[in-house]
Amino acid sequence: QVQLVESGGGSVQAGGSLRLSCVASGPLSGYAMGWFRQAPGKERGFVAGISWSANVKYYADSVKGRFTISRDNAKNTVWLQMNSLKPEDTAVYYCGIGASTRYPGDYWGQGTQVTVSS
């Protein structure tokens, strides 16, 4: 069974940066990984996805140019580098893994809170 553990969340002022990490365990070969977020009162939404080989990446329009997803299969780890953070980026961020790079959400982590103050 796949398990995902996120870390790296916290509080930051607008314009700042954070780097989220997600360590995965279980049968991972061939799976895409990604990040999703859920703000209070809103549904969980896609943020970024990366293919198994890391040659395909997708981003939500709202984060393009500010966030970068990367992975290291030898470490079973995916990262989300978040720069130029805005208050509207405040949410619980979830790591996901799945068959589709556009929506790698077959399994989820527990989430990590990111709060951006103005």
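The values are calculated or read from the model by the stated rules, or taken from the named source; none is laboratory data. What you are looking at is a predicted structure, and each value in this text was computed from that prediction instead of being measured. Side chains are part of the model used for accessible areas, which takes the heavy atoms of the whole protein and leaves out ligands, DNA and RNA. Shrake-Rupley method; radii C 1.70, N 1.55, O 1.52, S 1.80 Å.
Can you bin region 56-100 into rounded, prolate or oblate? Criterion: square roots of the alpha carbon gyration tensor eigenvalues sorted a ≥ b ≥ c, rounded for a/c under 1.5, prolate for a/b above b/c, oblate for the rest. Could the numbers behind the result be given before it?
Numbers: a/c = 1.80, a/b = 1.77, b/c = 1.02.
Prolate.
So what's the gap between the Cα centers of region 92-116 and region 46-70, to the nearest angstrom?
12
Give the average over all directions of the projected area of the C-alpha convex hull of the chain, one decimal, in nm².
Values: hull surface 26.0 nm².
For the chain, the mean projected area of the Cα convex hull comes to 6.5 nm².
Could you please state how large a percent of the accessible area of the chain is carbon and sulfur, counting protein chains only and using a 1.4 Å probe? Please report the intermediate quantities before stating the final value.
Details: 2740 of 5980 Å².
Accessible surface attributable to carbon and sulfur in the chain totals 46 percent.
Show which aspartates and glutamates lie in cross-link reach of residue 75 when reach means a straight Cα distance below 17 angstrom and same-chain residues fewer than eight apart are skipped.
Candidates past the 8-residue exclusion: 6.
With springs only between Cα atoms under 10 Å, which of 74, 91, 32 fluctuates most in a Gaussian network model of the chain?
Result: 74 has the largest fluctuation of those listed.
At 1.4 Å probe size, with every protein chain present, just tell me what the per residue accessible area of the chain comes to in Å². Working shown, then result.
Numbers: 5980 Å² over 118 residues.
For the chain, the solvent-accessible area averages 51 Å² per residue.
Using a 1.4 angstrom probe on the protein heavy atoms only, line up 102, 44 by accessible area, largest first.
102, 44
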